[in-house]
Ligand code: ZN
């Protein structure tokens with residue numbers, strides 16, 4: 001007999017430290033899968049966690065060494081473990097694990113330890129670690145002026161030299177732009193530099209180092225290939241087997257043409273129950289938006305809930321036609337859009353431990369236009385976060401009155417997911433660039449403008465009566481819940497995530513600030529919405545929801561114009577004026593109110609452990625999920641793999 005731990009509840013807290021709470025998610029539906037699909041999920045899940053060290057290295061060139069140093073001390077330290085500085089080291093290590101590096105995963109500022117350099121040196125000596133190497137790392141860990149930001153786009157600085165990310169070595173922005181601009185600007189070519197680091201050789205000549213089986217990070221990449229080969233043999237259908245093999249070829253040789261061929265097969269495959277993303281994908285952390293950070297997510301389609309996104313996808317042409325944007329910027333043929341509601345089964349790289357709640361890929365613009373895009377809404381992650389914040393007191397503290405709280409408790413559950421669906425399936429897939437406009441024309445502001453475009457598309461259309469006709473919303477009050485939640489978050493609540501004295505950094509946070517502040521500026525003069533003070537606290541009041549929709553429509557038209565025309569000056573004006581700065585007085589008030597609630601502003605997750613059962617010949621005949629592993633144990637286990 002074997003005893004298994006009681007079934008966990010989604011949203012169960014596993015750990016809490018600094019500004020972070022670690023939860024569990026559950027993979028509902030796993031136990032009912034046939035053995036072949038369990039094997040497939042198992043192999044893909046292994047491929048998903050093998051690339052962890054690649055991301056640490058991409059996030060900063062000292063990250064792996066620092067992690068190893070801290071883990072060595074953490075596990076071997078002989079003295080009293082209740083010592084204050086040792087406990088501070090534990091917190092710092094947990095934060096480094098969470099951020100996959102020494103900079104905050106969201107705000108991107110350097111994490112500063114609560115222990116002293118003297119403690120670290122002394123502890124390292126007790127653990128018999130080599131003193132020379134520690135000396136080099138001390139300023140990187142402790143000096144707030146060395147590598148202060150993971151991504152630094154402050155105007156006036158060279159973003160590539162100022163940022164700590166490891167995508168460029170001693171290369172200026174002008175040099176990088178010239179290097180990649182020498183390629184013909186044909187829109188059917190691969191995304192330049194997506195899977196490489198740009199470096200200078202001894203003679204100052206620029207050269208790319210490719211992340212592939214024969215290049216950088218060969219070890220983890222060969223392991224990813226090993227597991228993907230097994231997965232290809234258990235694929236859900238022939239097309240999945242083909243794209244999995246193309247992905248393997250791409251990992252072997254690093255050719256981006258192969259990655260594009262993979263992406264096309266991947267986006268056109270929509271029937272598999274089990275699917276995955278594994279590669280150099282999102283470019284948010286490259287200051288000029290070229291390099292893809294490594295990530296993986298493995299998931300299982302939730303067929304019941306996918307009916308909702310099927311309805312949305314079928315209506316895509318209608319939404320495109322009825323968008324409040326200039327006809328020249330509308331997509332003529334809306335094709336290939338697919339969207340599913342899914343259950344995450346494994347998170348890796350940039351999706352771990354802090355996953356997105358929705359994903360829309362591929363990112364290559366020309367593939368999206370010709371072959372479509374695939375979206376997922378990750379429902380078990382959303383549910384787990386919901387469950388953990390339900391009783392948090394956030395609505396009581398930040399919402400103006402019972403009217404808004406009622407709206408949110410009646411509709412918030414539905415409208416929040418619908419917003420994510422619309423943002424991912426339709427928003428990112430909508431609109432088109434004018435001929436000759438490069439997808440990279442908006443440079444460092446491209447990501448914020450793109451996210452704002454997707455959010456505005458969702459905000460504008462969620463209030464359309466068509467939502468009720470399609471059966472997606474119950475009545476014409478429901479959209480108000482999303483309007484209030486979104487703008488209240490963009491203007492007030494999300495500032496709780498920004499440390500005192502800092503700016504808003506992360507692309508989605510900037511996009512929400514841009515939209516909310518732009519509409520507030522216009523809405524306040526017309527009486528549509530306002531910030532009101534009560535008992536020394538600032539609240540948002542929305543007086544006229546239909547006219548707020550009109551403002552969202554106006555801004556969507558402008559943001560789409562900026563994107564379609566590649567109007568960089570307008571993009572930087574919008575971002576600098578609305579998306580980044582923080583009013584210190586307002587900020588202090590938000591931080592104080594949030595602190596009282598004692599909730600962690602950031603959530604992350606531990607993965608379940610997949611435990612295969614083998615038959616006498618070593619074939620996997622079943623796989624069980626084990627949810628009992630804690631955060632620290634999981635992180636140490638993953639790190640120990642590197643040295644196996
Ligand atoms: Zn998005």
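Rule-based calculations on the coordinates, nothing more; no lab input. Predicted, not measured: the structure shown is a model, and the values here were computed from it. Cβ placement follows ideal geometry from the backbone for every residue including glycine, while neighbour counts extend to all protein chains displayed.
Details
- Estimated inter-spin distance, residue 468 and residue 640, nm [label 7 Å along Cα→Cβ]: 5.9 nm
- In terms of its C-alpha gyration tensor, the stretch 306-415 has an oblate overall shape, because the principal axis ratio a/c (a ≥ b ≥ c, square roots of the eigenvalues) is not below 1.5 and a/b does not outweigh b/c.
- Global geometry of the stretch 135-221, whether rounded, prolate or oblate, following the gyration tensor of its Cα atoms and the 1.5 cut on a/c: oblate
- Separation of the residue 202 and residue 565 label points, Cα + 7 Å toward Cβ, nm: 5.1 nm
- Mean shadow area of the chain over all directions, Cα convex hull, nm²: 29.5 nm²
- A full extension of the chain between residue 609 and residue 31 corresponds to an added length of 206.7 nm, given 0.36 nm per residue minus the alpha carbon distance.
- Centre separation in Å (Cα based) which lies between the stretch 129-179 and the stretch 28-78: 25 Å
- Distance from the stretch 582-644 to the stretch 496-530 (C-alpha centre basis), Å: 30 Å
- Ranked 390, 517, 617, criterion: other C-beta atoms within 10 Å, fewest first: 617, 390, 517
- Counted by neighbouring Cβ atoms within 10 Å, the residues 366, 641, 294, 211 run from fewest to most as 641, 366, 211, 294.
- Shown for 455, 82, 31, 416: other C-beta atoms within 10 Å of each C-beta, ranked fewest to most, produce the order 82, 31, 416, 455.
- Relative contact order, percent, the stretch 109-153 [alpha-carbon distance under 8 Å, six or more residues apart]: 54 percent
- Mean separation of Cα contacts under 8 Å (6+ apart) over length of the chain, as relative contact order %: 17 percent
- Peptide ranges 537-546, 299-308, 276-285 listed from the most packed, as the mean C-beta count within 10 angstrom indicates: 276-285, 299-308, 537-546
- Beta bridges by DSSP in the chain, antiparallel share as percent, to the nearest 5: 75 percent
- Taking every alpha-carbon pair under 8 Å whose residues sit at least 6 apart, the stretch 174-313 reaches a relative contact order of 19 percent.
- Theoretical FRET efficiency, 1/(1+(r/R0)^6), r = Cβ-Cβ of residue 617 and residue 13, R0 56 Å, to 0.05: 0.85
- Highest mean first, the peptides 622-632, 162-172 sorted by other C-beta atoms within 10 Å per residue fall in the order 162-172, 622-632.
- For residue 500 and residue 581, the difference between the fully extended length at 0.36 nm per residue and the C-alpha to C-alpha distance is 28.0 nm.
- Simple spin-label estimate for residue 591 and residue 573 in nanometres, 7 Å along Cα-Cβ: 3.3 nm
- Computed FRET value (nearest 0.05) for residue 75 with residue 534, which takes r as the C-beta separation and R₀ as 56 Å: 0.65
- Stretch gain in nm, segment residue 157-residue 311, where the contour uses 0.36 nm per residue and the Cα spacing is subtracted: 50.8 nm
- Residue 327/residue 541 FRET efficiency (R0 35 Å; Cβ-Cβ; nearest 0.05): 0.45
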